[in-house]
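The values are calculated or read from the model by the stated rules, or taken from the named source; none is laboratory data. Source: prediction; values computed, not measured. Note: ideal-geometry Cβ built from the backbone for every residue, glycine included; neighbour counts use all protein chains shown.
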Amino acid sequence: MELHGETALVTGGGRGIGEAICRELADRGLAVVVADIDDEDTAETKRDIERRGGEATCVRMDVTDREDVADGVAEATARVGSIDVLVNNAGIAGPTDPVEDVTPEEWDSTMAVNLRGPFLLCRELMGPMKEQGYGRIVNVSSASGKRPVPYRAPYTASKSGLFGLTRTLAVEGGPHDVNANAICPGSVAGPRIDRVIERQAAATDRSFEEVEAEKAARSPREEFVEPEDVAGTVAFLCSTAADRITGQSVNVTAGKVTY
């Protein structure tokens, strides 16, 4: 697949899905800006990409902070030039509690990372993408935005909100060859889903193994998604093969969600 442009900025690029996305885009020839709040994680992702022969630079960024986002985007463009691909991957799981036990502070903090963050990045980069006449935006949402799970109200609401943002970006960007799509991963293998399972097990007085098996069984393949599955889909949506795919919410769930 031939990818659009020469540069990509990936938020939450220091670990997990974000790290896999950075590697995939770098392997396909893009210069990658690894944006994350954790300097150590971004540095390790950068080293890994360079060991593989790719090009990467690190930018420390708190996606919830308007000035930090603006400064990070300015620093990134000063280093690599215009940003052609934006992947809004940074996210947090939020609390695992019944809605009546969720505090307003927990609600706000989840929304700040999962929904305000992508908005702030798009706010900074949509204008330049329109001006240059092309761009690709991929927002990493979640299958939970389509098929909510109990005790995760802030998370599911924030991920559902990304659909509305994505579709609006697609309409506004279309005349300028700026595509916007969302990806909806199912349960992705790794430390993050392990923490979610631990919290759900505690909230429902069950074992980790029982909750893990239940989550896996929701997929017809009875397995979790791998970070590389998500990264490959990001690459496809940023490629010339997907020029006329925009405004979509693409499931990467091993069949867990089919709508």
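Determine whether Gly232 is of a type outside the set (S, T, N, Q), touching a residue at least 24 places away in the same chain (Cβ under 8 Å) and touching a Pro at 6+ places or on another chain (Cβ under 7 Å). Spell out how you get there, then give the answer.
Working: of a type outside the set (S, T, N, Q): yes; touching a residue at least 24 places away in the same chain (Cβ under 8 Å): yes; touching a Pro at 6+ places or on another chain (Cβ under 7 Å): no.
No; evaluated as a whole, the condition is false for this residue.
In this structure, does Gly81 turn out to be under 22 Å from Leu120 (Cβ atoms) and in contact with a Ser or Thr (Cβ under 8 Å, 6 or more places away or on another chain)? Here the answer is yes, as Gly81 does meet what is asked.
Condition check ((1) among the small types (Gly, Ala, Ser); (2) over 19 Å from the mean Cα position of the chain (by Cα); (3) farther than 24 Å from Asp108 by Cβ; (4) buried (at least 21 other Cβ atoms within 10 Å of the Cβ)) across all residues:
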site	(1), (2), (3), (4)
Pro150	no, yes, no, no
Phe163	no, no, no, no
Gly173	yes, yes, yes, yes
Ala182	yes, no, no, yes
Arg192	no, no, no, no
Arg199	no, yes, no, no
Gln248	no, no, yes, no
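For beta carbons closer than 9 Å, sequence separation of 6+ or different chains, a first residue in region 190-219 that is over 17 Å from Ala93 (Cα atoms) and without any contact (Cβ under 8 Å) to a residue 24 or more places away in the chain and a second that is surrounded by 17 or more Cβ atoms within 10 Å (Cβ to Cβ) and among the charged types (D, E, K, R), there are no qualifying pairs. A single entry from Ala254, Ala231, Ala235 fulfils the requirement of being assigned to a loop (DSSP other than H, G, I, E, B) and either touching a His at 6+ places or on another chain (Cβ under 8 Å) or surrounded by 19 or more Cβ atoms within 10 Å (Cβ to Cβ) (or both): Ala254.
Scan region 101-123 and give yes if some residue there is basic (Lys, Arg) and at pLDDT 95 or above, otherwise no.
Filtering region 101-123 for residues basic (Lys, Arg) gives 116, 123.
With the extra rule that they be at pLDDT 95 or above, the set shrinks to 116, 123.
Yes: region 101-123 contains one or more residues that are basic (Lys, Arg) and at pLDDT 95 or above.
Results for (1) at positive phi; (2) over 14 Å from the mean Cα position of the chain (by Cα); (3) buried (at least 23 other Cβ atoms within 10 Å of the Cβ), shown as yes or no for each residue.
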| site | (1), (2), (3) |
| --- | --- |
| Thr11 | no, no, yes |
| Ala31 | no, yes, no |
| Asp39 | no, yes, no |
| Asp48 | no, yes, no |
| Val63 | no, no, yes |
| Ala78 | no, yes, no |
| Gly81 | yes, yes, no |
| Ala90 | no, no, yes |
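Checked against the criterion of being more than 30 Å from Pro148 (Cα to Cα) and in contact with an Asp or Glu (Cβ under 6 Å, 6 or more places away or on another chain), the candidates Ala43, Ala78, Ala74, Ala31 yield just one match: Ala31.
In the list Asp84, Asp62, Asp68, which residue meets the criterion of being touching a strand residue (DSSP E or B) at 6+ places or on another chain (Cβ under 7 Å), closer than 21 Å to Val138 by Cα and either of a type in the set (Phe, Trp, Tyr) or at pLDDT 95 or above (or both)?
Numbers: Asp62 fails: touching a strand residue (DSSP E or B) at 6+ places or on another chain (Cβ under 7 Å); Asp68 fails: touching a strand residue (DSSP E or B) at 6+ places or on another chain (Cβ under 7 Å).
Only one candidate passes the filter, namely Asp84.
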